[in-house]
Amino acid sequence: MEQSQTKVAIQKFGNFLSSMVLPNIGAFIAWGLITALFIPTGFFPNEGFGSLVGPMVTYMLPLLIGYTGGRLIHDQRGGVVGAIATMGVIVGAPDTPMFLGAMIMGPLGAYVIKKFDQLIDGKIKTGFEMLVNNFSAGILGGALALLAYMGVGPAVDAFTQTLVAGVDWLVEAGLLPLTSILIEPAKILFLNNAINHGVLSPIGLEQVQQGGKSILFLLEANPGPGLGVLLAFMLFGKGVAKQSAPGAAIIHFLGGIHEIYFPYVLMKPMLILSVILGGMSGVFTLTLLGGGLVAPASPGSILAIAAVTPPEGMAYLANFAAVLVAATVSFLVSAVVLKSGKQTEDDIDAATKKMEQMKGKKSSVSTALAAGTVSANGAFPENVNKIVFACDAGMGSSAMGASLLRKKVKEADLDVKVTNTAISTLPADSQIIITQEKLTPRAQNKIPGAYHISVDNFLSSPEYDKLIASLQNGVTAQQAELVEDSQKDAVGVEPKMVEEDDLLLEENIFLNQSFATKEQAIRFAGDALVKAGYVKPSYVDEMLKREEITTTYMGNNVAIPHGTEEAKKAVIKSGFTVVQVPNGVDFGGESAKLIFGIAGKDGTHLEILSGIAVICADQENVDQLVQAKSAKELMSILNRN
């Protein structure tokens with residue numbers, strides 16, 4: 001168990017590092033192309049254009065990494081303070097590209113400002129919010145920049161120089177190929193990001209500054225070892241593995257998505273020798289012929305490798321030869337392994353599931369290995385009579401999604417019941433379960449035999465129309481009577497807003513608000529629910545906890561923050577509050593301009609929530625709500641059903 005937890009921790013760390021680098025790969029490629037084209041030894045030497053190379057690698061790339069790392073921790077404010085702090089390490093060690101320094105100071109700066117925001121939350125007098133926010137970011141960011149200049153920059157510079165010296169020693173001693181013994185298994189275990197983006201790329205960029213290229217960029221990105229495995233399956237494999245190998249080879253070699261070959265190695269563990277020996281032979285070839293790249297090749301596609309190969313010398317020959325040699329060695333070893341062992345048609349499916357368990361989430365490319373088979377979580381039911389929308393608490397996003405799908409089911413004249421519930425109370429007879437993407441694994445663990453569908457935008461997901469099409473094509477007309485559930489949301493009920501009750505009152509509608517973070521917006525909506533007498537104060541903290549589980553952003557600029565399953569005991573009565581944010585507030589990379597704070601008790605809020613869902617499914621309606629000049633006008637738009 002302890003070993004597994006350690007592996008997961010390393011994976012998370014590697015994923016965090018890659019999350020700082022990968023969004024900025026386009027900038028790395030731009031720098032690499034300008035370097036390859038316009039430096040004195042480039043394809044088209046140009047002193048003016050070539051002058052871009054130094055400032056880009058010294059300032060632009062580290063600042064992008066620092067900003068991205070900060071934004072991951074604390075949204076826009078974290079990104080800004082992270083970039084300010086990163087400037088300190090850049091100037092503190094001007095002779096070394098501060099990628100490692102940016103990976104430290106970006107998240108550190110964001111963490112400091114996040115803790116400060118939490119400390120003063122709710123304590124700033126009205127009208128002074130912008131003043132405090134701006135000066136706090138400036139003061140803390142400036143202080144961190146000074147700290148980075150004096151201490152972190154020089155320390156990272158010394159550490160980087162030590163690592164570079166160590167790599168140079170490995171090259172001179174002819175031992176660099178041995179790194180494949182670690183790197184190739186690490187790729188299969190999804191630990192490669194920690195190695196690649198945390199160590200190899202920063203050192204590689206330092207080597208580029210000194211020698212114009214680096215072999216380190218090809219230690220992990222070389223597609224040759226994986227290509228050899230897939231070619232062997234194409235010729236010597238059996239069943240689904242043999243059929244899917246050609247498509248996987250194209251995705252791997254041209255698309256650069258290396259994880260596509262991991263299940264093939266996992267189904268025959270001896271194949272780990274193939275990729276290790278292939279990787280070692282590729283690195284040996286690079287060392288022998290003097291290969292290398294001017295920037296990271298991400299993804300590890302042959303096209304990306306060609307794009308950032310320097311023009312001088314034998315670089316193209318060396319790099320392509322390394323890929324070819326690695327693929328050849330891997331293929332030969334894989335052929336021996338496959339011909340000497342037994343294979344079954346089901347091996348690839350089991351290996352794919354094993355890979356996803358190791359990764360901790362569903363693979364984005366694993367469907368390419370299914371060869372037209374149904375979902376791994378259960379076949380699509382032949383006779384569907386019940387679809388369940390599930391979320392953490394069962395009173396917010398799932399209710400809105402169910403309302404929209406219920407309307408589509410009715411319009412398609414299908415005899416299918418659509419309900420919503422919390423994941424913890426999913427009925428055992430659920431046939432089709434729809435959840436937000438991050439919650440799908442929980443639903444799968446709860447009801448593994450159901451057909452699971454993941455959505456990321458509850459208000460306009462294309463999965464709804466796909467499901468309706470599947471139901472129309474695969475569901476025969478049923479005459480079985482559907483039992484109306486306890487929440488009275490049977491098919492055919494047209495959701496309406498209710499003006500006469502106290503679920504949504506004009507005094508609980510707040511116009512022209514602005515917030516620096518989504519946490520501030522959620523707390524504002526929660527405090528409004530408390531003041532209106534809908535919930536106890538503890539409900540507000542549960543709303544923030546719910547947001548940590550997965551975003552309550554619904555799509556179409558709408559968010560519906562609400563409490564967790566545990567928060568239901570803090571609900572006094574059902575009610576809503578509406579917060580209009582014309583300039584938007586960031587909800588995990590999406591701009592929420594309309595925020596519905598929700599408290600639900602005994603399902604009494606579902607009718608009004610269904611009405612909101614139907615209205616907000618149309619972006620034009622949302623735009624009108626955001627532009628409403630009064631609470632009365634906003635209410636009239638919501639009651640337009």
Review point. Taking 0.36 nm per intervening residue step and subtracting the Cα-Cα distance, what contour gain separates residue 316 from residue 336 on full extension?
Key: 4.1 nm
Study note, to complete from the structure: Between the modelled labels at residue 46 and residue 178 (7 Å from Cα along Cα→Cβ) the distance in nm is 4.6
Check your understanding: residue 511 label point, 7 Å along Cα→Cβ, cut-off 14 Å on backbone N: hits in region 612-634?
Key -> 624-634
Exercise for review: Please report Rg over Rh for region 520-593, where both radii come from the alpha carbon positions and Rh follows the Kirkwood definition.
Suggested key: 0.96
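Report, in listed order, any pair from 386/407; 407/446; 593/632 with a Cα-Cα distance greater than 21 Å. Working shown, then result.
Details: 386/407 14 Å; 407/446 27 Å; 593/632 18 Å.
Over 21 Å Cα-Cα: 407/446.
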Exercise for review: Would you work out the charge dipole size for region 510-593 about its Cα centre, treating the Cβ of every Lys and Arg as +1 and the Cβ of every Asp and Glu as -1, and quote it to the nearest 20 debye?
Suggested key: 340
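If you roll a 1.4 angstrom probe over the protein chains with everything in place, what fraction of the accessible area of region 17-85 belongs to carbon and sulfur, to the nearest %?
Numbers: 2070 of 2830 Å².
With neighbouring chains kept in place, the figure for region 17-85 is 73 percent.
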Check your understanding: Can you give the accessible area per residue of region 199-251, in Å², using a 1.4 Å probe?
Key -> 29
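Determine, for each peptide in 76-83, 181-188, 531-538, the mean count of other beta carbons within 10 angstrom over its residues, then list the peptides with the highest first.
Details: 76-83: 25.5, 181-188: 19.6, 531-538: 17.2.
Result, highest mean first: 76-83, 181-188, 531-538.
Just subtract the alpha-carbon distance of residue 210 and residue 123 from 0.36 nm times their residue separation and send over the number in nm, one decimal.
Details: separation 87, 0.36 × 87 = 31.32 nm, distance 5.17 nm.
Between residue 210 and residue 123, full extension yields 26.1 nm more.
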Check your understanding: What's the extension gain from residue 303 to residue 383 if we count 0.36 nm per residue and subtract their Cα-Cα distance?
Key -> 24.1 nm
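Given the C-alpha atoms of region 226-312, compute the convex hull and give its volume per residue in Å³.
Values: hull volume 8.2 nm³, N = 87.
About 95 Å³ per residue, rounded to a whole number.
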Exercise for review: Could you please state, rounded to a whole Å, how far the C-alpha centre of region 86-146 is from the C-alpha centre of region 418-439?
Suggested key: 41
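The values are calculated or read from the model by the stated rules, or taken from the named source; none is laboratory data. Since we're looking at a predicted model, the values are computed, not measured. Cβ: placed from backbone, ideal geometry, glycine included. Neighbour counts: every protein chain shown. SASA here: full protein model, heavy atoms, side chains in, ligands and nucleic acids out. Shrake-Rupley method; radii C 1.70, N 1.55, O 1.52, S 1.80 Å.
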